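This report concerns only the one structure given below.
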């Protein structure tokens with residue numbers, strides 16, 4: 001039994017096709033094929049009466065108004081749907097630097113630097129079926145990071161099918177996330193560590209700090225944590241400061257930690273997908289979070305500190321509201337208040353902030 005697909009995408013059998021469109025069959029007559037014929041065309045025992053068919057096309061009848069469309073349907077059944085050829089714009093070369101940064105959130109120099117590190121993971125072994133080049137794969141992924149739009153919108157922007165965009169985003173995000181050891185690290189030398197401690201101390205005189213930790217909401221289906229436990233290596237603010245030294249400790253802690261909240265804001269302004277939410281599968285979303293963090297650090301290393309202005313299709317006020325709502329208020333779970341874990345904090349308050357307060 002032969003299976004066909006009609007113009008509406010419905011799957012029909014050979015019998016259903018012949019019964020649903022009998023008006024086609026009346027022009028294709030099965031007759032004994034003569035040994036010689038000057039007015040007909042022979043093909044596999046089926047003779048097409050061309051004279052009758054041409055007469056119908058020339059003069060027409062009221063009950064046969066879809067004859068030309070019927071011919072197109074027959075051609076689709078015989079030869080299949082025509083192949084769709086997409087037109088792709090070379091955004092890397094045609095855009096000026098300001099327009100490029102606005103659309104892809106990174107400088108052209110930074111994108112070129114990134115491409116050199118992951119290009120070998122994006123190349124195809126051949127150029128059949130007009131395969132997407134590594135630079136276009138990277139740009140289409142950055143465009144998704146830059147807008148948080150639907151895959152169909154990104155596909156239209158890049159001149160490719162939506163399924164192709166889905167595969168590209170997954171491949172490129174995994175390639176970028178694989179660079180995390182080079183861009184998401186603590187300093188591994190004494191001089192680098194001391195410099196970071198000095199930079200934190202210059203903010204609000206909080207000593208011996210080498211990093212700040214906080215949370216931000218990203219729209220994914222994942223459980224969140226309401227706070228961090230105080231530990232010998234992780235200092236949290238006091239829930240109820242009682243003395244002037246404890247109050248000074250809290251003030252210094254808040255001012256010092258504020259840099260991580262600003263960092264989240266800059267990160268989400270550079271890659272708004274983190275504020276608007278990612279509509280991909282959870283594993284792909286987690287990979288994108290790592291990838292965008294790597295790109296943010298890479299941009300800073302190359303001198304591109306502040307994110308560019310937003311694309312025209314995004315509303316700045318709306319984005320700011322989303323970023324503000326993504327901040328998680330400081331909460332210290334009661335079951336994590338263990339005095340044995342507070343020794344370092346108590347010593348710091350006693351020997352450092354008490355001294356500063358008395359001084």
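Couple of notes before you dig in:
- Every residue from the stretch 257-273 that is in a helix (DSSP H, G or I) and surrounded by 20 or more Cβ atoms within 10 Å (Cβ to Cβ): 257, 264, 267, 268, 269, 270, 273
- Selection status of residue 111, surrounded by 15 or more Cβ atoms within 10 Å (Cβ to Cβ), outside any helix (DSSP H, G or I), more than 15 Å from the chain's Cα centre (by Cα) and touching a residue at least 12 places away in the same chain (Cβ under 8 Å): no
- Against the numbered list (1) surrounded by fewer than 20 Cβ atoms within 10 Å (Cβ to Cβ); (2) without any contact (Cβ under 8 Å) to a residue 40 or more places away in the chain; (3) in contact with a helix residue (DSSP H, G or I) (Cβ under 9 Å, 6 or more places away or on another chain), residue 168 comes up short only at (1).
- Within the stretch 97-108, considering residues that are assigned to a helix (DSSP H, G or I) and closer than 17 Å to residue 268 by Cα, the one nearest to the chain's Cα centre (by Cα): 104
- The test for being under 38 Å from the mean Cα position of the chain (by Cα) and modelled with pLDDT under 90 holds for residue 84.
The values are calculated or read from the model by the stated rules, or taken from the named source; none is laboratory data. Everything numeric in this text was worked out from a predicted model, so none of it was measured. In this analysis, Cβ positions are derived from the backbone assuming ideal geometry, glycine residues included, and neighbour counts consider all displayed protein chains.
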